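Visitor: One structure, pasted below without further comment.
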Amino acid sequence: QVQLVESGGGLVQAGDSLRLSCVASGRTFNRIAMGWFRQAPGKEREFVARLMWTGATYYGDSVKGRFTISRDNAKNAMYLQINSLKPEDTAVYYCAADPGQGAYSNPATFRSWGQGTQVTVSS
């Protein structure tokens, strides 16, 4: 199993940028798919982005053009660059890894999760 620790969240204003980090341990980092999800109060966990071991990236429709997912294999780290933040981006952001069978946009597919980092965007 992979252990994941997120950081980088905070309270920001609309239009600001943030970079979230996720540091992984416990397995060979560069051979597993990883992703970011978010969950706002009262809502289901939502797919944000994923990064395949091939380097291919995929994004949720609501974040395309503003979010960028990347990884640094030497540091066992994955990042989510968030630009032009909006109040509707307010949520707890989770790092996920080690998917099983199923759609990668479905949070139930991922077997390892971090504790989450809160992002709050004020208008």
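The values are calculated or read from the model by the stated rules, or taken from the named source; none is laboratory data. All of these numbers come straight from a predicted model, not from anything done at the bench. We place every Cβ from the backbone using ideal geometry, glycine too, and count neighbours over all the protein chains shown. With ligands, DNA and RNA removed, areas are computed over all heavy atoms of the protein, side chains included. Shrake-Rupley method; radii C 1.70, N 1.55, O 1.52, S 1.80 Å.
Visitor: Search the stretch 17-46 for residues being farther than 13 Å from TYR79 by Cα and part of a strand (DSSP E or B), and hand back the single one that is farthest from the chain's Cα centre (by Cα).
Guide: Only one residue fits best here, namely SER25.
Visitor: Conditions: (1) acidic (Asp, Glu); (2) open to solvent by less than 60 Å² (accessible area, probe 1.4 Å); (3) at pLDDT 95 or above. GLU46 meets all but one. Number of the miss?
Guide: Going through the list (1) acidic (Asp, Glu); (2) open to solvent by less than 60 Å² (accessible area, probe 1.4 Å); (3) at pLDDT 95 or above, GLU46 breaks only (2).
Visitor: Please list, ordered by first then second residue, the pairs with beta carbon atoms under 9 Å, 6 or more apart or interchain, first in the stretch 105-121 and within 20 Å of GLY10 (Cβ to Cβ), second open to solvent by 70 Å² or more (accessible area, probe 1.4 Å) and not in a strand (DSSP E or B).
Guide: Short answer, once both residue conditions are applied: VAL121/LYS86; VAL121/GLU88.
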